[in-house]
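Comments concern the structure below.
The values are calculated or read from the model by the stated rules, or taken from the named source; none is laboratory data. Predicted, not measured: the structure shown is a model, and the values here were computed from it. Cβ coordinates were reconstructed from backbone atoms using ideal geometry, including for glycine residues, and neighbour counts include every protein chain displayed. All accessible areas refer to the heavy atoms of the entire protein, side chains included, with ligands and DNA or RNA removed. Shrake-Rupley method; radii C 1.70, N 1.55, O 1.52, S 1.80 Å.
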Amino acid sequence: MKILFWIPVAFALAVLAAGERAHAQAPQSPARRSAWPPKLEEPAPGEVEVLPVRGNVHVIMGAGGNITVQVGEQGILLVDTGVASMSEKVWAAVQKVAPPRKVLRYVINTDEDPEHTGGNAVIAAKGQTVPLREANYTAGPQGTINYNRASVVAHQNVLNRMSAPTGEKSPTPPEAWPDNTYAIDQKRFYFNDEPVVMMNFPGNTDGNTIVFFRKSDVISTGDLIDLTRYPVIDRKAGGSIQAIVASLNKLIDLCVPEAHGAGGTLIIPGHGRIADHAEVAYYRDMTYIIRDRVQDMIEKGMTLPQIKAARPTRDYDARYGASTGQWTTEKFVEAVFSSLSDKK
């Protein structure tokens, strides 16, 4: 009986082993060989693409930073407006997903970077804010005195830097400034049959805002998440690696995975593809590890040139690194070093 039982088992193991040898000897396809780093599909230069996310939420890619679009009975809400040169194409893309005759009511800026605010002046002028006195309307954030444009909402620090209130020359024209700001932890309202919660999550700057569409279970993060490069840290605007790590931890607390860390709450990053809890956790772990490596090197007395030579980012350069462009790996390491060396 035992001999009869082991014969088919041995035969099956032999077949399995032969199959594995054949698979190992077979040439790998080009797709398998080039699977890493993952390719981030981008629209052609000068073009935009609209993708559905969930519920009434869409994303427009290709206009600088990603733009979130929420549409419904009460009108249109945008998170960020992209670069100035793409404003008309962005607006045409919005019209493709908006119900007929719906009006742009609100623009929320995640920070002051021109990739997120460049289209404010042109796009806000295409909207209209509904006065509080108008009947049958659930009012959102109020503050604008010009009802013939959409209200632009942002953290107070964003307005401060866009308007230069200290008397210096303003870096942006007044028509691009936020007309409605907040300076507390969060600002929330109900729009298009769902709660919209703006939260101040300092990181790249001290004025970062994330926007949580609670019914759709979608979070627009701005540059707090950037899947195309290492996080941009604007030291002059109050950004730091410590703040990024802390805010990413808070963001993870808001994300609910569907299964095995994947799916569930969807994330629209400042740049790159739509993400989920697992992607956010990986990004957070990357910032943790690089921060701790640089901190350890500083405690050992290493200088910035020595730290750069040690390449504390080496494990992640294939995915997030860049040697050219506005934000390189070297600039990221410099910003991390500055953050951790700041005695204040």
(request) Within the stretch 317-338, work out how many residues are open to solvent by less than 30 Å² (accessible area, probe 1.4 Å) and assigned to a helix (DSSP H, G or I). (result) 6
(message) Which numbered condition in (1) within 19 Å of Val294 (Cα to Cα); (2) touching a Lys or Arg at 6+ places or on another chain (Cβ under 6 Å) is the only one that Val218 fails?
(response) (1)
(message) Consider the stretch 176-210. How many of its residues are under 18 Å from Asp80 (Cβ atoms), touching a residue at least 60 places away in the same chain (Cβ under 8 Å) and assigned to a strand (DSSP E or B)?
(response) 5
(request) Specify which of the listed residues (Gly62, Gly72) is surrounded by fewer than 22 Cβ atoms within 10 Å (Cβ to Cβ) and out of contact with any helix residue (DSSP H, G or I) (no Cβ under 9 Å at 6 or more places or on another chain). (result) Gly72
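Looking for something more than 11 Å from the chain's Cα centre (by Cα), over 15 Å from Met198 (Cα atoms) and surrounded by fewer than 20 Cβ atoms within 10 Å (Cβ to Cβ) - is there at least one such residue anywhere in the stretch 215-224? Let's see the steps before the verdict.
Residues of the stretch 215-224 more than 11 Å from the chain's Cα centre (by Cα): 215-218.
With the extra rule that they be over 15 Å from Met198 (Cα atoms), the set shrinks to none.
The answer is no, given that none of the residues of the stretch 215-224 is more than 11 Å from the chain's Cα centre (by Cα), over 15 Å from Met198 (Cα atoms) and surrounded by fewer than 20 Cβ atoms within 10 Å (Cβ to Cβ).
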(request) Could you tell me which of the residues Val256, Val245 is touching a helix residue (DSSP H, G or I) at 6+ places or on another chain (Cβ under 8 Å), in a loop (DSSP other than H, G, I, E, B) and among the β-branched types (Val, Ile, Thr)? (result) Val256
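Do we have Asn56 as in contact with an Asp or Glu (Cβ under 8 Å, 6 or more places away or on another chain), at pLDDT below 95 and within 25 Å of Thr117 (Cβ to Cβ) here?
Working: in contact with an Asp or Glu (Cβ under 8 Å, 6 or more places away or on another chain): yes; at pLDDT below 95: yes; within 25 Å of Thr117 (Cβ to Cβ): yes.
The answer is yes for Asn56.
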(message) Looking only at residues that are in contact with a Lys or Arg (Cβ under 8 Å, 6 or more places away or on another chain) and within 19 Å of His155 (Cβ to Cβ) in the stretch 96-128, which one is least open to solvent (accessible area, probe 1.4 Å)?
(response) Ala124
